[in-house]
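Read through the structure below, which is laid out as structure tokens, and then see the notes.
FYI, it's all coordinate maths here, none of it is from the lab. Please read all numbers here as calculations on a predicted model, not as lab measurements. Because the Cβ atoms are built from the backbone with ideal geometry, glycine has one as well, and the counts that use them run over all protein chains shown.
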Amino acid sequence: MAKLFVLARIIISCIALTGCLTPNAFAAKEVEVLHWWTSGSEAKAVNILKMMMRQQGIQWKDFAVPGGAGESAMTVLKSRAISGNPPAAAQIKGPALQEWASLGFLSNLDDVAQAQHWDQLIPKPIARIMKYHGHYIAVPVNIHRTNWLWINRKIFAAVHAQAPTTWPEFFQVAKKLKAAGYVVLAQGNQDWQNTTLFESIALTTLGKQGYRQAFIALDPKTLDSPKMVQAFELFQKLRPYLQSPDAGQAWNQATAEVINNKAAMQITGDWANGEFLAAGPKVTNNIDCVPVPGTQGDFIYSVDSFAMFQLSEPADIGAQRALARTIMSKTFQRRFNQIKGSIPIRPHLSMQGFDDCSRKAHRAFAKSLADKSLLPSVAHGMATTSYVQSAILDVVNHFINDPSAKPQQAAARLMRVVLAAS
Ligand code: GAL
């Protein structure tokens with residue numbers, strides 16, 4: 001809260017002194033877009049949007065900031081916004097959208113939303129995130145599922161193993177794989193990658209209700225509970241199977257280890273599927289996708305979205321509106337998501353032409369949507385404010401990097417830092 005206040009003060013004085021949002025900041029018929037889609041498949045997917053904008057006579061000014069889950073992108077965005085020069089559109093997700101909107105940065109997209117009937121197209125729990133005080137301030141792009149276990153079939157066949165459905169089975173297979181010299185779980189040692197793994201583990205020990213209590217309601221008793229301690233214990237048990245040669249390895253380098261038959265598994269969102277798809281059928285035929293043990297039937301989601309910053313030139317505003325309209329179009333939704341590994345934001349679009357893993361995700365999403373059991377990703381900023389999210393990432397990351405860390409202390413620390421950040 002304190003950080004938010006400081007940011008708000010800086011912004012207010014910036015607007016008062018210099019007039020942050022100068023009218024001619026952008027050339028006509030140009031849209032500058034901040035995103036972090038820089039891996040092979042991500043870049044290929046975003047090219048669809050660039051091309052569709054170009055077809056409408058709008059130049060795409062690329063503002064790509066590499067770094068998985070957008071951590072670096074958000075830092076760069078804050079400094080651009082504070083200096084009064086935000087891009088026309090930026091990839092911002094989850095409750096952070098509300099933070100930006102409450103500071104008065106974002107543009108109201110209701111005109112496009114009404115013309116395209118977004119309320120009918122976007123599932124309600126997702127539409128809620130895209131609105132501030134009942135008005136659309138962002139356009140959703142896709143739906144990713146984070147609780148996936150990706151399996152290299154060839155490696156599993158070599159050690160005569162089956163896809164694990166429980167954690168005891170997982171550890172049996174892990175032992176075999178390690179003994180045979182394989183990297184068991186491809187994983188880069190970055191806070192968001194570690195937390196993507198941890199959130200699935202926490203779901204298995206806490207259950208859906210406990211997950212919500214801990215990470216949405218921020219209930220101190222659930223954060224520092226025996227079940228949370230169990231989650232840290234399980235996470236610690238995984239430690240010997242996680243080691244990757246390069247500590248800061250990017251997620252797509254980890255995925256490349258699965259592709260190149262070095263690593264047997266990866267637990268991460270279906271952006272990994274984008275990399276498998278980009279590598280071609282020889283690779284996709286060798287990959288199996290199953291839910292993380294103990295999360296069968298559960299759907300932890302991460303929804304990518306673009307927020308539009310307030311601009312004053314009509315031509316610039318027109319280009320922004322065209323961007324929002326294009327993102328919601330059927331053509332974009334199909335073409336982009338078939339490359340990205342995610343599923344369309346419009347649940348009623350046909351999944352013909354999508355790969356098997358995306359179809360599985362689509363079915364799991366429909367079921368969780370109907371059951372009202374969708375769960376927001378903590379690691380990908382869907383569950384809490386950006387401040388609480390950073391606090392959680394920090395605790396989880398410290399824990400997995402400290403060989404002598406104590407699960408009980410980690411749960412107590414998690415409770416303390418979450419309370420302090422909320
Ligand atoms: C997620 C985002 C995905 C993908 C992934 C890796 O936060 O939802 O679109 O980019 O990070 O960077």
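So what's the angle, to the nearest 10 degrees on a 0 to 90 scale, between helix 356-371 and the longest Cα principal axis of the chain?
80
Please pull out the direction-averaged projected area of the chain, using the convex hull of its alpha-carbon atoms, in nm² to one decimal place. Before the final figure, lay out the partial values.
Working: hull surface 77.0 nm².
That works out to 19.2 nm².
If you only keep lysine pairs separated by 8 or more in sequence, or across chains, how many in segment 192-300 come under 26 Å at the Cα atoms? Don't jump to the answer; show the numbers that get you there.
On the way: LYS208/LYS221; LYS208/LYS227; LYS208/LYS237; LYS221/LYS237; LYS227/LYS237; LYS237/LYS262; LYS262/LYS282.
So the count of such lysine pairs works out to 7.
Angle between the Cα long axis of helix 71-82 and the longest principal axis of the chain, 0 to 90 degrees, nearest 10?
Rounded to the nearest ten degrees, it is 20.
Which value in deg cm²/dmol, rounded to the nearest 500, describes the helix-derived mean residue ellipticity at 222 nm for the chain, given -39,500 (n - 2.57) per DSSP H run of n ≥ 4 and division by the residue count?
Numbers: 20 runs with 223 residues, N = 422.
Value at 222 nm, helices only: -16000 deg cm²/dmol.
Using the crude model of +1 on Lys and Arg Cβ and -1 on Asp and Glu Cβ, and no other charge, please compute the dipole size for segment 170-247 relative to its Cα centre, in debye to 20.
Using Cβ point charges on Lys, Arg, Asp and Glu, segment 170-247 gives about 360 debye.
Could you give the size of the charge dipole of segment 297-358 about its Cα centre, using +1 on the Cβ of each K and R and -1 on the Cβ of each D and E, expressed in debye and rounded to the nearest 20? Could the numbers behind the result be given before it?
Details: 7 positive and 6 negative charges, 57 e Å.
I would put it at about 280 debye.
For all pairs of alpha-carbon atoms in segment 173-293, what percent lies in each bin of width 10 Å, listed from the first bin to the last filled one?
13, 40, 32, 14, 2
Ratio of segment 224-347's C-alpha Rg to 2.2 N^0.38 Å, to two decimals?
Working: Rg = 19.4 Å, N = 124, 2.2 N^0.38 = 13.7 Å.
In units of the globular-protein estimate, segment 224-347 measures up at 1.41.
When only alpha-carbon atoms are used, what values of Rg and Dmax, in angstrom, describe segment 184-232?
Answer for segment 184-232, Rg first and Dmax second: 11.4, 34 Å.
Direction-averaged shadow area of the convex hull around the Cα atoms of segment 283-422, nm²?
Details: hull surface 51.1 nm².
Taking a quarter of the hull surface, the average projection is 12.8 nm².
Would you kindly calculate the mean projected area, averaged across all directions, of the convex hull enclosing the Cα atoms of segment 153-237, in square nanometres? Intermediate values should be presented prior to the final figure.
Working: hull surface 25.1 nm².
Average of the hull's projected areas for segment 153-237 equals 6.3 nm².
Taking the Cα atoms only, what angle lies between the long axis of helix 330-340 and the longest principal axis of the chain, rounded to 10 degrees?
40
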